[in-house]
Structures are given as C-alpha cells and as structure tokens.
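Here is the structure we will look at.
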Amino acid sequence: MFINGVALFDYRDGVSWKNSTNALAGGPLMGMGDGVWNRDAVVAERHGFDCAKAHPAMGNYHHHQNPSAFNLDLNVISNVCDLYPADGLYVIDSTQHSPLLGFAYDGFPIYGAYAYRNPDGTGGIVRMKTSYQARNIVVRTQYANGNDVTDGPPVTVTYPLGYFREDYEFVAHTQPDYLDEHNGRFCVTPEYPNGIYCYFTTVDEQWNSAYPYVVGPTFYGNRTAAKVTAVTETVSTYTAPAVGLTQNQLEQLKVAVFPNPASNFIAVQLNSLNQENFAVMLYDLNGKLIAQTTLYQGSTIAYLDTQTLANGQYLVQISNSKGSIAHKIVIAH
C-alpha cells in the first residue's frame, strides 16, 4: 500500500490465455484462463489508467506500477494527461533519492525510481534498474527455464513481447544498482541509515514503468495472509512527530504554477512527495482573496478556476501553519 492509502497490485489483472478457445479469459473478460500465460496489466490495460497510472477494479482504486504521472515521463506513452495537468503520488527527480512511497505486504518499504548507487549510501544518485528482460522468443511454448507448458499465442502485433508476464526472464547482474529477483535489495536510505531491504518502483531510461514494476513475482520477506481482529500482546502507542515545513523549507520547495499567462485555470504542482495539506489562495494585487483550494497530502497538484476572473496580475499563495510562499501570475482571456 502506498502512503496515501491507495492499494498496490502486482502485474496481474486476472486475465490469462485459454488455449482451448484460442482467446483470453478471466478477470474482467469473465471465464477462466489456463493461468499459464498471464496478461500484464501495465501493458494490456494502459488505455484504462488515469493520469496517475492507476485505475479502479471492483470498487478498489489501485496502482500496478510507478505512481508518477504519465505526462511527466521523458517519453510519454499515454495521452490521458492531455485532459488535465498531471497528478501523481510523486514526481521523479533524478538528482535526489526517491521518497519512501509505501510498504509491501511483507512489511518492507517501497521507494521510487532513484537511490544511492551503492548499498552503503555512496556512489551518488542513480536509477535503480530491473534485472528482468524480455525473452528472445517468437512463440510461447516454453518458460524461461526451458519447461514445456500449455501453448500461448505467438508473438504478434496483437500480443507483443511483454504482453504476458512469462515473456520476461531474470538475468542476475553484479552491478550494485541492479535489483534482485524480488525487485529490491538491502541498502541504506534516508529513512533507514542502518540499512533495510527495500523494493523500488522501476522505470526505464525514459521513465516508463519497467517490469516487474514494484515487487517482483515473489516477496523477499514472509507474507502472512491473515486478518488481525484483536491484539493481545503488549504494544506501544505511536505518537506522530510534529509535521509541517518551516518557512525556510517552504522557500526551498519546488513549486510550479502554470500556465502563465492563465485563462481557464491555474495549476499548482509540487515537485516532491506531499506529506501535508497546503492552502492554495489566489489574491488580487489589492490583497483581496479571490479564490482558494487545498493541495491535499498524497497529491501533487491543485487547481483554481479562473474562467470568470478579470484580466490582470494576481498572486498565488501556498501556505501551511508555519509560513507561506507566493507566485505572481497573469490572467489573460
């Protein structure tokens, strides 16, 4: 689960190839596939993902992949963000260690795409790389380990390489910035200076999601499928530390206010993981409050409607309980 409460699924969407009917079955398609050649949701359902690379299923809104918005990738592979400016859990920054995004079912933390090159925290910031690669196949009759299995469809434009999870194979690397078969490694992070096992939301050179996306086909730790209905042992009460950026930290915050000039709306976007609510207020140059909204924790963007406002200069103020920053913007219809 990501820290904003949104669920994280693996690559699967419940659909697999059914050899007897020469078609896909299961999941939203109904029926039951063979479960041998399992469809990759990130590839097959791309057109169903929103700007934040997530979608609903059976009432459960969830991600399968890196939760940074489509139109912030270096190579944009979905135009869904053309409908509105990008939102996502975080914005990829290749110069900084990616933030802690959530936790896997086995309890280990999940980070974004960039981290220290070396597990001991040295070597600079680099992209964490998946050790899985597409197999060199044109027919789907065997697994990567050579086992003969029930046939799937041949590799075609309709079912391209990477359409099924079994199209990938794991290739171990010696370089420290390549991840293991679980898509993680033991390393130092800003939150865990003594080191811990971590998963990473892997992307390729163009920041497009790279298989196995977050957690590999298997967990590193022990996953216990159980519901906790009561806690009988002695526990400690966790008291959250005081939160909120100081005035100095607010001034260092990377905030984009666009478009400028604006016409129909103003978007305020943070280039970081947002861990608190910010008030976003629009003032005219006489100091009169014209409009306001909230940039909520777990989101990166907020909007102000400017369709009915007069042309001229305005101030957009972003604030919390400890301070505020302001950006000048022009409205021109």
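What follows draws every value from the coordinates through simple rules; no lab data is involved. All values derive from a computational prediction rather than experimental measurement. Every residue, glycine among them, receives a Cβ derived from its backbone with ideal geometry; neighbour counts consider all protein chains shown.
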Inset, instruction - If a cysteine in the chain has no other Cys Cβ under 4.7 Å from its own Cβ, put it on the list, ordered by number. - result: 187, 198
Legend entry - Given 129/328; 18/227; 227/254; 129/254, the pairs whose alpha carbons are separated by over 29 Å: 129/328; 18/227; 227/254
Legend entry - Per-q log10 I(q)/I(0), segment 126-182, q = 0.28 Å⁻¹ (Debye; single scatterer per alpha-carbon; no solvent): -1.11
Legend entry - Exposed GluC sites (Glu not before Pro) absent: longest stretch of the chain, with sites in DSSP loops and at most 16 other Cβ within 10 Å deemed exposed: 1-180
Inset, instruction - Please work out the Cα center distance from segment 60-95 to segment 2-20, rounded to the nearest Å. - result: 18
Inset, instruction - Per residue, how big is the convex hull around the C-alpha atoms of segment 247-331? Give it to me in cubic angstrom, could you? - result: 83
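For the chain, compute the orientation-averaged projected area of the C-alpha convex hull (one quarter of its surface), in nm². Write out the running numbers ahead of the final one.
On the way: hull surface 85.8 nm².
Computing the convex hull of the Cα atoms and averaging its projections yields 21.4 nm².
Using Cβ counts within 10 Å as a stand-in for footprinting exposure, how do 227, 254 rank, fewest first? Before the final figure, lay out each step's value.
Values: 227 4, 254 10.
Lowest to highest Cβ neighbour count: 227, 254.
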Inset, instruction - List, in order, the whole-Hz ³J(HN,Hα) value for each residue of segment 88-104 obtained from phi through the Karplus relation with A = 6.51, B = -1.76, C = 1.60 and θ = phi - 60°; use x for Gly and Pro. - result: x, 5, 8, 10, 5, 10, 6, 9, 10, 4, 5, x, 5, 9, x, 9, 7
Inset, instruction - Based on other C-beta atoms within 10 Å, arrange 333, 182 from fewest to most. - result: 333, 182
Inset, instruction - Mind jotting down a quarter of the surface of the convex hull over the alpha carbons of segment 7-200, in square nanometres, one decimal? - result: 12.4
Inset, instruction - Calculate the tail of P(r) for segment 85-160: the fraction of all Cα-Cα distances greater than 18 Å, expressed in %. - result: 63
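For the chain, what does -39500 (n - 2.57) per DSSP helix run (n ≥ 4), summed and divided by total residues, give at 222 nm, in deg cm²/dmol to the nearest 500? Could the numbers behind the result be given before it?
Numbers: 2 runs with 10 residues, N = 333.
It lands at -500 deg cm²/dmol.
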